[in-house]
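Novice: Structure in structure tokens, see below.
Here, each number is a calculation from the coordinates, and none is a lab measurement. Since this is a predicted model, take the numbers as computed values, not measurements. Cβ sites come from the backbone with ideal geometry, for glycine too, and all protein chains shown count toward neighbours.
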Amino acid sequence: MATLALKVDIDTYQGFTEGLPNIIRILGRRGLKSSFFVSFGPDRSGLALVQLLRPRFLWKMLRTNAPSTYGLKTALYGTLLKPPLIGLQFPDAVRQLRDLGHEVACHAWDHRLWQDWLPWMSATAIHAWFGKMVGAYETAIGEKPQAFGAPGWRMDKRVLAEVSHWGFQYVSCTRAHGPFMWAENGLLEIPSNLPCIEEVGLDGVLAALKRNADQTIPQVLPVHTEIEGRGCQRDFEQVLDIIADLGYQVMKIADIARRIDTSHLETRALREGFLPGRAFKCAV
Ligand SMILES: [Zn+2]
């Protein structure tokens, strides 16, 4: 029986305030526990407007009908409107996730900044970004975070050096085929190895789940509260239906990390590539 984890990313303010309650309700009805990767700092989605100058990004926005998915207000956060804080503004709601039995992990301080500008951030800025994110996590949860998942699966060598300072048990920063050990820092990587609705549509996700149902490699499905929790709730229900029908054993990524025999895993360095439906290069 294949094991599967839902890696639920919270990227935006609306994803937290509107999408998250729906995702919690849907999972709760089915008794499923997931891994939530939380953005804690400012929602500066408006910075994405600058990215419209990049053809791949513009194409993705038009193809996924982003203006209606994200809403005009979200599109203006960080440009014309003051960016609201995400997880840090709602520490009780973050703690409630943990109290419901879900895993809570670190995803971002400023998601948009990282996703669009990581190559231009200095090592000092990256370190400060981690400090604010980890501080916000500790404020909400009262413990040190065990895991980090990079925004947009964007990574570089400086980040791999940085993550080794924060005591993470594992990271989930790539779209690799299966778990591996990072050559750069010796940490365990548990990748998102399934495609998401945003990238390949509902049919693409269902096909991948059918294809991989006999896999011995643990499967991780990326989910976004601002997408599956807002416009695509019915699609998300269908995905969960087929996960149950195909007999996947659903667990948290932390449980996969605990069970894995790391001595048999490949050790390898950072690789980057383009994935179908993604505007930026990501770690693969
Ligand atoms: Zn994200």
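Novice: For the chain, what proportion of DSSP beta bridges, expressed in % and rounded to the nearest 5, is antiparallel? Walk me through the numbers on the way to the answer.
Specialist: Working: 5 of 30 bridges.
Restricted to the chain, the bridges split so that about 15 percent are antiparallel.
Novice: Next question, about the same structure. For the peptides 185-195, 108-118, what is the packing order when you average, over each peptide's residues, the other Cβ atoms within 10 Å and list the highest mean first?
Specialist: Result, highest mean first: 108-118, 185-195.
Novice: Another question, if that's okay. Quick one: if you stick a label point 7 Å off each Cα along the C-beta vector at Asp214 and Lys281, how many nm between them?
Specialist: Going from the Asp214 label point to the Lys281 one covers 3.7 nm.
Novice: If you don't mind, there's one more thing I want to ask. Taking the Cα atoms of the chain, report the difference between the largest and smallest coordinate on each principal axis, in whole Å and largest first.
Specialist: 50, 40, 39
Novice: For the pair Ser122/Ala207, report the inter-label distance in nm, with labels modelled 7 Å from Cα in the Cβ direction.
Specialist: According to this spin-label approximation, the distance is 4.7 nm.
Novice: Tell me, what does the Kirkwood hydrodynamic radius of the stretch 86-184 come to in angstroms if you use every pair of distinct C-alpha atoms? Intermediate values should be presented prior to the final figure.
Specialist: Details: mean 1/r = 0.0707 Å⁻¹.
One over the average 1/r among Cα pairs gives 14.1 Å for the stretch 86-184.
Novice: Can you tell which of Ala183, Ser172, Met155 lies farthest toward the positive end of the dipole of the stretch 140-189, using +1 and -1 charges on the Cβ of basic and acidic side chains (Lys, Arg; Asp, Glu)?
Specialist: Checking the options against the dipole of the stretch 140-189, the answer is Met155.
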